[in-house]
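Here the structure comes first, spelled out in structure tokens, and everything after it is commentary.
The values are calculated or read from the model by the stated rules, or taken from the named source; none is laboratory data. Everything numeric in this text was worked out from a predicted model, so none of it was measured. We place every Cβ from the backbone using ideal geometry, glycine too, and count neighbours over all the protein chains shown.
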Amino acid sequence: MQFLRVVFAVAQKDLRSELRARELLPALAQFVVLALVIANFAFDLDLVSGPRLSPGILWLVLVFAGLVAFGRAFAAEKESGSLEAMLLTPAGPAAIFAGKALASAALLVACEAVLLPAMAVFLGSPISATVVVTVLVATAGMASLGSLFAALAAQTRARDLLLPVLALPIWVPFVVVGGKAVQVAMSGQSLAALPLSSQPLIVMADFDILFLVVASLAARFVLDD
Amino acid sequence: MRSLRSSAPDPNLAHLDTNSLAADRRIRAEDRRLNALTALALASMLAAAGMIFLYAPQDALQGPVQRVFYLHVNSAIAAYVCFAMVVGGGAAYLWKESVRGDRLARAAATVGLVFTTNAFVMGMIWAKPIWNWDPSKTWDARVTSTAVLWVVYAGYLLVRRFATPGRPAMRLAAVVGIVGFVDVPVVHFSVQWWRTLHPGRVIDAPGGPALPPEMLLAFMVTMVAVLLLAGTLVAIRYRIEARRDQLEERAVAAQLELAASHGPR
């Protein structure tokens, strides 16, 4: 209970400061829309290729928006020296880490709330409930690992360089499985047609649990000096 | 002024001593052991080459290019063994603050990267005539997970370079080494279940190895040779890293001594 209270307090603090400063979210929303503009001209999209290339564009934009969202969460703390201050409180490092991961996941979800409708409008992507659920399930796992490596990279000299190098390969499972799920959903098929052993949502939920456990075990070593 | 060369060295700094007769003997013994290990590794690699090119039969379907198999698969195995050492060393550091564990991890990460690269290059040579560079085939489960492995441990070395030297670098690198290793089977299975192609299990195939006994013997000899080579390289890197740590410790000790001799009495 105490653990959860700390988690929510930290997450609330992050979201409140974002709400007051309005720094990250407008920039991320703009980034997402601009990425779609680039995709539009880079792939020369039309009515046929738009929906066909949508799954790939979705994951590319999501992954890079995630890097920015998770990176900023810890970089900002590091710049103001407030991470050390939080670690001096009796709150455990794992709870602080979970709170920050939760807040950055919420930011990425807000980002997705811009991305998915924008894709439907600009690229004509068929966005269904399955696509939304897939993206949300992937966000949970990406947030736990992304925040872990963001916290780690923030303590080095080259955090902006190191975070993509560390996080992108680790996210590959989510892009592989989520990419397949979005492809199936966008081509109008139902995920239920896939065999039970390779149900993307179930497998990704398993990954979420695994990485949540790994990240919360490792958080102590990343945050504690 | 007392110096590190004094005849009665500080017992706490005994391991930094490189000038006394005893230290000289110790270093010479280390040299001999490493030289013997290197000679053994080289001899067994030569024996393996003989087995691969002279003893093992030619593959009926693929021809001579199939002989890449022996080094390709065994390089990958050696790389996995090295990265397992990175995980073990990192865990030893996180658990017991063992600097030796960290040193082993440092040594094994570099060697593991070399063997992963080797497995890749051999794989490309083999894949060119057999798969013909079809992109849908080159990104199968084993290639993808090995590529992820390569990038993760390249990142591991980058973390070491960019983190504050000393304990912070050891701590952060250990986390990267362990979490990265956990990710590899996940990548492997996710690709295997959704898009794949690599040959199935050959050596540990259910119902006995799917290889003629001559090929299996050549494979096993090569495995021993490659693992010996990897072990030798790790031992050499470990020694280099130990020397580097000693040098740093000595610099600190010398500075402390200098400060003490100039400080107030």
Candidates A:182, A:121, filtered to the one that is more than 10 Å from every other protein chain (Cβ to nearest Cβ), over 22 Å from residue A:68 (Cα atoms) and buried (at least 24 other Cβ atoms within 10 Å of the Cβ): A:182
Helices (runs of 4 or more DSSP H) contained in segment A:127-225 and holding at least 2 residues in contact (Cβ under 8 Å) with a residue 12 or more places away in the chain and in contact with a Lys or Arg (Cβ under 7 Å, 6 or more places away or on another chain): A:129-154
What is the number of the single condition among (1) outside any helix (DSSP H, G or I); (2) within 29 Å of residue A:154 (Cα to Cα) that residue A:25 does not meet? (1)
What pairs come up if the first residue lies in segment B:49-63 and is in contact (Cβ under 8 Å) with a residue 24 or more places away in the chain, the second is of a type in the set (Asp, Glu) and in a helix (DSSP H, G or I), and their beta carbons are under 7 Å apart, counting only those six or more places apart or on different chains? B:55/B:214; B:56/B:214; B:57/B:214
Kindly indicate whether residue B:69 is in contact with a strand residue (DSSP E or B) (Cβ under 9 Å, 6 or more places away or on another chain) and either in contact (Cβ under 8 Å) with a residue 24 or more places away in the chain or within 30 Å of residue B:182 (Cα to Cα) (or both). yes
Matching residues in segment B:153-166 - criterion: being facing chain A (nearest Cβ under 8 Å) and surrounded by fewer than 23 Cβ atoms within 10 Å (Cβ to Cβ): B:154, B:158, B:162, B:164
Of the numbered conditions (1) buried (at least 20 other Cβ atoms within 10 Å of the Cβ); (2) closer than 23 Å to residue A:200 by Cβ; (3) within 9 Å of another protein chain (Cβ to nearest Cβ); (4) touching a residue at least 24 places away in the same chain (Cβ under 8 Å), residue B:171 fails exactly one; give the number of that condition. (2)
May I ask you to verify whether residue A:105 is within 22 Å of residue A:222 (Cα to Cα) and in a helix (DSSP H, G or I)? yes
Kindly state which helices (runs of 4 or more DSSP H) lie completely within segment B:71-181 and contain at least 3 residues that are at pLDDT 90 or above and more than 30 Å from residue B:221 (Cβ to Cβ). B:99-131, B:141-162
Is there a residue in segment B:100-118 that is more than 27 Å from residue B:49 (Cα to Cα) and surrounded by fewer than 18 Cβ atoms within 10 Å (Cβ to Cβ)? yes
Filtering segment A:147-166 down to residues that are of a type in the set (Gly, Ala, Ser) and farther than 14 Å from residue A:218 by Cβ, which residue is nearest to the other protein chains (Cβ to nearest Cβ)? A:158
Enumeration of residues in segment B:45-70 that are modelled with pLDDT under 85 and not in a loop (DSSP other than H, G, I, E, B): B:59, B:63, B:64, B:65, B:66
